[in-house]
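The values are calculated or read from the model by the stated rules, or taken from the named source; none is laboratory data. Everything numeric in this text was worked out from a predicted model, so none of it was measured. Cβ atoms come from the backbone with ideal geometry, glycine included; neighbour counts cover every protein chain shown.
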Amino acid sequence: MGPKFPNLEVISNPPPPQEGLFDTQERRRLPRLSLTGEQFRLSQNGKVFSVSDLSADGMALRILDREDFRLFPIGAWVEGMINIKREKYPLSGKVRRLGKDVVGCQFESLTEKVKEALAKQLDPEVLGRELKLIPASEAHQLWFHGTSGTDLLLWQGEDGQCNRISLYVLGIYVQWDTENGLSTGRTEAATRESAEVRGALRFETMFLDPDPSPDRSKLHIAKTLILSSNLSQELKNRCIGQIEPTS
């Protein structure tokens, strides 16, 4: 039996102003896997860290031992090797943010080869093919997890119809539900809040910064990702029917 997701709903209390860049706001508790296939080996001491989120601009490293935070003061230069699909690439950048158990680094001075490797890894079609179903205890909740911090969550009613869709990928989100309709925006981790850990699962709080209206480029990413996934054709059709960009 997989875990239930009791705290995927909106957290009604607004975040404190100093918490992040967002003014609006919605927070959500999301399930994440504690371990990922993408790893970063720090050149300074050879220590390996799990990469919880990856984008073309930076990465988030999971910190399990609080003593390791001394290696990552704000503004520190970081160098090492990232392992992507068993291929290793040199990365360098600066530490830009610290959280309860995460370090956020912004890439700098990347070679063209590394940029190309990241672009290939972060292609929505590739991310879609990497989605895997994570067993859940209730039939009407579906969670598909992929590489680079990609998560697709679907809720189905008793009639089997989707009544809510949430996609988190590449620092953006796309959502649809029967009550509020379609929305897009950016995401930011609530770095000051501790994640709830349940075995291999972590439940993290994310801030959602909505766009004024659904962004067509984000909808296109979502559509490409879903169509390239291993979801059943029926599920694909239901999802695309709700997020299909309209003229």
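Here E116, E125 are screened, and the one residue that is of a type in the set (D, E, K, R), closer than 21 Å to F144 by Cβ and either over 16 Å from the mean Cα position of the chain (by Cα) or part of a helix (DSSP H, G or I) (or both) is E125. Of V126, V103, all but one fail to be within 13 Å of F72 (Cα to Cα), hydrophobic (A, V, I, L, M, F, W, C) and at pLDDT 90 or above; the exception is V103.
Does any residue of region 183-191 turn out to be β-branched (V, I, T), closer than 17 Å to L127 by Cβ, touching a residue at least 24 places away in the same chain (Cβ under 8 Å) and out of contact with any Lys or Arg (no Cβ under 8 Å at 6 or more places or on another chain)?
No, region 183-191 contains no residue that is β-branched (V, I, T), closer than 17 Å to L127 by Cβ, touching a residue at least 24 places away in the same chain (Cβ under 8 Å) and out of contact with any Lys or Arg (no Cβ under 8 Å at 6 or more places or on another chain).
Residue by residue, here is whether (1) touching a strand residue (DSSP E or B) at 6+ places or on another chain (Cβ under 9 Å); (2) in the same structural domain as I221 (by TED's automatic domain parsing) holds:
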position	(1), (2)
P73	yes, no
A76	yes, no
S92	yes, no
V95	yes, no
V102	yes, no
R129	no, yes
I134	yes, yes
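Taken residue by residue, region 64-73 has no member that is surrounded by 13 or more Cβ atoms within 10 Å (Cβ to Cβ) and assigned to a strand (DSSP E or B). Among the residues examined, R97 qualifies as charged (D, E, K, R) and within 21 Å of the chain's Cα centre (by Cα). Can you tell me which residues in region 90-112 are crowded, with 18+ Cβ neighbours inside 10 Å, in a strand (DSSP E or B) and not β-branched (V, I, T)? Result: L91, G93, G104, C105, F107.
Each row is one residue, and each column tells you yes or no for (1) modelled with pLDDT under 85; (2) in a loop (DSSP other than H, G, I, E, B); (3) among the aromatic types (F, W, Y); (4) under 16 Å from the mean Cα position of the chain (by Cα).
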position	(1), (2), (3), (4)
L154	no, no, no, yes
R192	yes, yes, no, no
K236	no, no, no, no
T246	yes, yes, no, no
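Working only within region 149-177, note down all residues that are more than 18 Å from P210 (Cβ to Cβ) and among the polar types (S, T, N, Q). T150, Q156, Q161, N163, listed by residue number. Scan region 74-87 residue by residue and report those that are closer than 16 Å to Q39 by Cβ and surrounded by 12 or more Cβ atoms within 10 Å (Cβ to Cβ). Once the filter is applied, which keeps residues that are closer than 16 Å to Q39 by Cβ and surrounded by 12 or more Cβ atoms within 10 Å (Cβ to Cβ), region 74-87 yields V78, E79, G80, M81, I82, N83, I84, K85. If the condition is being assigned to a loop (DSSP other than H, G, I, E, B) and surrounded by 12 or more Cβ atoms within 10 Å (Cβ to Cβ), then region 45-63 contributes K47, S55, A56, D57, I63.
Taking the conditions exactly as written (assigned to a strand (DSSP E or B), touching a Leu at 6+ places or on another chain (Cβ under 6 Å), of a type outside the set (V, I, T) and at pLDDT 90 or above), does G80 satisfy them or not? Answer is yes for this residue.
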